[in-house]
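The values are calculated or read from the model by the stated rules, or taken from the named source; none is laboratory data. In this text, all values refer to a predicted model and were calculated from it rather than measured experimentally.
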Amino acid sequence: MSERVFRNSYRPQSKAGQRREAIAAKDAENTQHEIQGQTPELLFAEKQRKELLYKAIDNLPPVWRELIRMQLQEASPEEMSTQTGIPVEKIESTLQQIQERLAQEIKGKK
């Protein structure tokens, strides 16, 4: 394998790709059993809901996107604080703000 092919095949994903991968992995766990018996209409609606969520996450400030990614990876508040520079005491309230903002943005686009 040439060095160029090797480098390209092991190139890290973009931040957006990493977020989507983390969200998709979590969604896959939760929705695998739900797919059975659902109609195409319900599956399509679920896909649209996820796309709205991904777009809403992409519109968040970078630090908030990082917090969402870390939350999906089940990082502790201490790890989140170390990575983002947000004080540990403010992690939970910041996550709550993020959830409220995502809900507002999704509700506004429906």
Determine which member of the set GLN99, GLN104 is modelled with pLDDT under 95 and within 20 Å of ALA24 (Cα to Cα). GLN99
Residue check, PHE6 against (1) at pLDDT 75 or above; (2) assigned to a helix (DSSP H, G or I); (3) not charged (D, E, K, R), all met but one. Which one? (1)
